[in-house]
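Colleague: Dropping a structure here in structure tokens format, bear with me for questions.
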Amino acid sequence: MRIDPNGPEDEPEVRQMVVIHKALRKQFALLPEQVRAVADGDRARAAAVADHVRSLLLLLHAHHHSEDEVLWPLLQQRAPLEEALIREMEAQHGAVDAGIRKLTPLVAAWAERGDRATASDIAAELAGLTAHLDEHLDAEEEKVFPLVLDHLNVAEWESVVAEGPKQMPSSPRIGMVTIGVVLDAADPAEGDWFFRNLPAKGKIAWRVFGRSYYRRYSARLGTTAV
């Protein structure tokens, strides 16, 4: 299933990956201020925001895993003259991964203590991570997607898109948050495509309790929701 039903059926629909990019861009741009807004010593709220940070880091890691394990090897085979670009993409992944490694213990400590000093450190690290992420997503959309169109077939591209969700934990809560953040950033056609491609259990869970759960979840973070 495609986002644009009128698009060429024999061409990878790279817009499918843009849907995930939009969700990552929107959410990571909000994170530093969400962290800074937590009052010093408010451990309950710190734990809630820390949990949100961890959920987004999981989504980001899953997204990059699909590229590391599927996309880059395919492009190395099909477009060997673009080796320098692929190495650049891998180096950008490395910079993002380094940010995740720095954040992981900080977020865990902050969830326990809720202290202002750790929150400031997390916000600074998130700002740096977001800058690296924006640079990487820009490069993918401008430089890598044309290679995908030239060198991958539809089935290969769909295998890249499908790999990321396999890496997400089988947690109903994380599942509903993931669906929510993607739908929040997607336009109607993109949201319809994303929802139609969910497993049947995910669709039912979202309709029964997921949407209301995500609205409450977003309200606690001070953001709007689908």
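Colleague: Give the separation of the Cα centroids, region 14-82 to region 164-214, in Å.
Modeller: If you average the Cα positions of each part, the centres end up 15 Å apart.
Colleague: Moving to a separate point now. Can you tell me the length gained on complete extension of the stretch Glu142 to Lys26, counting 0.36 nm per residue apart and subtracting the Cα distance?
Modeller: Contour length minus Cα-Cα distance gives 39.9 nm.
Colleague: Roughly what % of Cα-Cα distances in the chain sit above 32 Å, to the whole percent?
Modeller: Result: 21 percent of Cα pairs exceed 32 Å.
Colleague: Here's a follow-up. Which residue, chosen from Leu198, Ala186, Phe209, occupies the Cα position most advanced towards the positive end of the dipole of region 174-226, where the dipole is computed from +1 (Lys, Arg) and -1 (Asp, Glu) charges on Cβ about the Cα centre?
Modeller: Towards the positive end, the residue furthest out is Phe209.
Colleague: If you don't mind, another one. Is region 88-199 best put as rounded, prolate or oblate by its Cα gyration tensor, with a ≥ b ≥ c the root eigenvalues, rounded for a/c under 1.5, and otherwise prolate when a/b is larger than b/c, oblate when not?
Modeller: Oblate, since a/c reaches 1.5 and b/c is not below a/b.
Colleague: Also: At 222 nm, what helix-only mean residue ellipticity would the chain give, in deg cm²/dmol to the nearest 500, using -39500 (n - 2.57) for each DSSP H run of four or more?
Modeller: -24500 deg cm²/dmol, from helical runs alone.
Colleague: While we're here: Spin-label point model (7 Å from Cα, Cβ direction): what's the Glu9 to Arg216 distance in nm?
Modeller: In this crude label model, Glu9 to Arg216 measures out at 4.4 nm.
Colleague: Would you mind working out the magnitude of the charge dipole of region 26-121 relative to its Cα centre, with +1 at each Lys and Arg C-beta and -1 at each Asp and Glu C-beta, to the nearest 20 Debye?
Modeller: 360 debye
Colleague: While we're here: Where in the chain are the helices, taken as whole DSSP H runs, whose Cα atoms extend 18 angstrom or more along the long axis and whose Kyte-Doolittle mean reaches at least 1.0?
Modeller: Length and hydropathy pass: 172-185.
Colleague: In square nanometres, what is the average projected area of the Cα convex hull of region 1-87?
Modeller: Spelled out: convex hull of the Cα atoms, projected over all directions, averaged, 8.3 nm².
Colleague: Give me the 1.4 Å probe accessible area per residue for the chain, excluding ligands and nucleic acids, in Å².
Modeller: 47 Å²
Colleague: Moving on. Could you calculate the contour length gain from Thr223 to Val154, that is, 0.36 nm times the residue separation minus the distance between their Cα atoms, to one decimal place in nm?
Modeller: 21.2 nm
Colleague: So, R0 is 45 Å and r is the distance between the beta-carbons of Leu85 and Ala48; what FRET efficiency does that work out to, to 0.05?
Modeller: Between Leu85 and Ala48 the formula returns 0.65.
Colleague: Could you check the spin-label model distance between Ala39 and His61? Points 7 Å from the Cα along Cα→Cβ, value in nm.
Modeller: With each label placed 7 Å out from Cα toward Cβ, I get 3.3 nm.
Colleague: Treating only the Cβ of Lys, Arg, Asp and Glu as charged (+1, +1, -1, -1), what charge dipole size does the chain show about its Cα centre? Round to the nearest 20 debye.
Modeller: 1620 debye
Colleague: Run the simple label-point estimate for Arg207 and Asp97 please: 7 Å along Cα→C-beta, distance reported in nm.
Modeller: Each label point is offset 7 Å from its Cα along the Cβ direction, giving 4.0 nm.
The values are calculated or read from the model by the stated rules, or taken from the named source; none is laboratory data. Note that the structure is predicted; figures quoted are calculated from it, not measured. Note that we place each Cβ from the backbone using ideal geometry, even for glycine, and neighbour counts take in every protein chain shown. When the accessible area is computed, the model is the full protein with side chains, heavy atoms only, and any ligands, DNA or RNA have been set aside. Shrake-Rupley method; radii C 1.70, N 1.55, O 1.52, S 1.80 Å.
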